[in-house]
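Quick notes on the structure that follows.
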């Protein structure tokens, strides 16, 4: 299941891991439905926002440069407060400095691990805020990696209050990573139970919406050729199904997805290292 949490600085590192929402598509198939038949983002904030910041704060701000604040002073202040809060935290500053200059995969891993270090309530809150923002944002719904929402315009669509809550959770993600709080793990049984619970809620939603079920099933045949409307529908249904799933199954499903992302990131990082190595010439005889 692909969800839409936006993690600053992480989207570019993960790329396009998969298209569509396999859980919802599977639910459409299970419901008996037949299968016949780049976002342009505005400037993050007024240029004066970074004028009083030091180099480290400006670096943090640059990871959020694609968020469209719509010239909203209240939102700009939320962002400025977050940047200063993060850069003035000794633990987070140390972690960021230790990772300075490392490949994008390292930056992405900080956020991914952070999601696994915060509380279940915080994970749900971040997901719900991102889902609401996505619903209010322009509908592009490009295929993106699970749990990474590259269309940061949606974050800009949040209210100032929601944006503040969103960045409070992101701050805690960084803090928990900086002080090395243990990462949440699940057993194979919990992984299966979480996915089954979400799938069941997706099936229940689709039974009451045959038109959407048919559209999702058609998109599942060829996810990369699906229309933006179909991709948006798949994401919306996936969000509703996950948020309707009770705890602890919801959190197990979220953790499972982040574990999958970590595996994908590790593989991508490994391939990147090998691709960066110069080819060795054959030994002369």
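The values are calculated or read from the model by the stated rules, or taken from the named source; none is laboratory data. All values derive from a computational prediction rather than experimental measurement. Cβ atoms come from the backbone with ideal geometry, glycine included; neighbour counts cover every protein chain shown.
Just need a number here: residues in the stretch 172-191 that are surrounded by fewer than 18 Cβ atoms within 10 Å (Cβ to Cβ) and within 22 Å of residue 87 (Cα to Cα).
Residues meeting the conditions: 4.
Any chance you could count how many residues in the stretch 108-145 are surrounded by fewer than 21 Cβ atoms within 10 Å (Cβ to Cβ) and modelled with pLDDT under 75?
The total comes to 7.
Which of the residues spanning the stretch 196-216 are within 19 Å of residue 252 (Cβ to Cβ) and either touching a strand residue (DSSP E or B) at 6+ places or on another chain (Cβ under 8 Å) or surrounded by fewer than 19 Cβ atoms within 10 Å (Cβ to Cβ) (or both)?
Across the stretch 196-216, the qualifying residues are 196, 200, 204.
Can you spot a residue in the stretch 152-165 that is over 19 Å from the mean Cα position of the chain (by Cα) and assigned to a helix (DSSP H, G or I)?
Checked against the condition, which is being over 19 Å from the mean Cα position of the chain (by Cα) and assigned to a helix (DSSP H, G or I), the stretch 152-165 yields at least one hit.
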